[in-house]
Amino acid sequence: MTQAHAEGATGAHPALSAAARGWLFFRRWLANPLEMGSIVPSSPVLGRKIAEAVRTGPPGPILELGAGTGAITRALLDGGIAPSRLTVIEIVPEMAEVLRQSFPGVTVICGDAWQLSDILDPALPGTIGSVVCGIPLVLLPREKQASLIAAIEAVAPGRGFLHYTYCVTSPLPIHAHRLEGRRIAWTPLNIPPASVWHYRRIGP
């Protein structure tokens with residue numbers, strides 16, 4: 001497991017250009033396609049859909065899992081989410097450093113999303129308003145999916161989570177995980193076309 005490292009972005013280093021972030025994303029995709037899910041970062045159109053869902057959702061801190069090079073992070077900030085509300089989790093150290101440089105005021109944690117209870121600020125669990133998950137869950141074994149759902153529920157009980165995906169249908173087996181799930185947005189302009197789902201646990 002990657003050692004967790006939390007740090008509020010300070011803006012001490014200049015942010016990488018969009019081209020540099022895109023190149024970093026592509027290199028990470030070449031290294032591990034299953035980890036990245038898509039060959040290109042999420043589009044601004046998809047980001048606006050997610051930001052709208054977060055903005056109209058419950059109040060409180062926002063948790064983003066699998067932030068990558070920050071396409072959705074940028075969309076959340078551009079959509080009116082204050083940097084101080086946003087905590088992002090990224091397991092790849094190189095990408096976590098890009099996030100720190102690019103988004104002053106956002107709390108960046110380099111660590112494992114399956115260990116949320118261990119890596120988050122102890123004051124955060126129970127106060128979270130929305131969770132945004134960019135980890136490609138459809139590619140994971142069902143047991144791995146279930147453990148991430150449990151990790152999210154432990155720190156944001158009853159909130160569920162938003163998940164963006166390139167699947168035509170639900171990327172998670174809803175009944176197997178005892179979830180309530182609905183697609184709340186779809187954008188054919190993303191490459192590839194993407195959906196935003198909201199899932200919430202309905203059973204023990």
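What full-extension length gain, to one decimal in nm, is calculated for Leu139 and Ile174 as 0.36 nm per residue of separation minus the Cα-Cα distance?
Stretched fully, the Leu139-Ile174 segment lengthens by 11.1 nm.
To the nearest 0.05, how large is the calculated FRET efficiency for Leu124 and Ala146 if R₀ is 22 Å and r is the Cβ-Cβ distance?
That pair, Leu124 with Ala146, gives E of 0.45.
In µm²/s, what is D for segment 156-197 at 4 °C and 1.567 mPa s, where D = kT/(6 pi eta Rh) by Stokes-Einstein and Rh is the Kirkwood radius from Cα pairs?
Once the numbers are plugged in, D ends up at 117 µm²/s.
Note down the nm distance, to one decimal, between modelled labels 7 Å out along Cα→Cβ at Ser84 and at Gln115.
So the label points at Ser84 and Gln115 sit 3.0 nm apart.
Out of every Cα-Cα pair in segment 117-204, what percent are more than 19 Å apart?
Value for segment 117-204 (Cα pairs over 19 Å): 38 percent.
Any read-out appearing in this document is the output of simple, stated calculations on the displayed coordinates, not a laboratory observation. In this text, all values refer to a predicted model and were calculated from it rather than measured experimentally. Note that each Cβ is placed from the backbone with ideal geometry, even for glycine, and that neighbours are counted across all protein chains shown.
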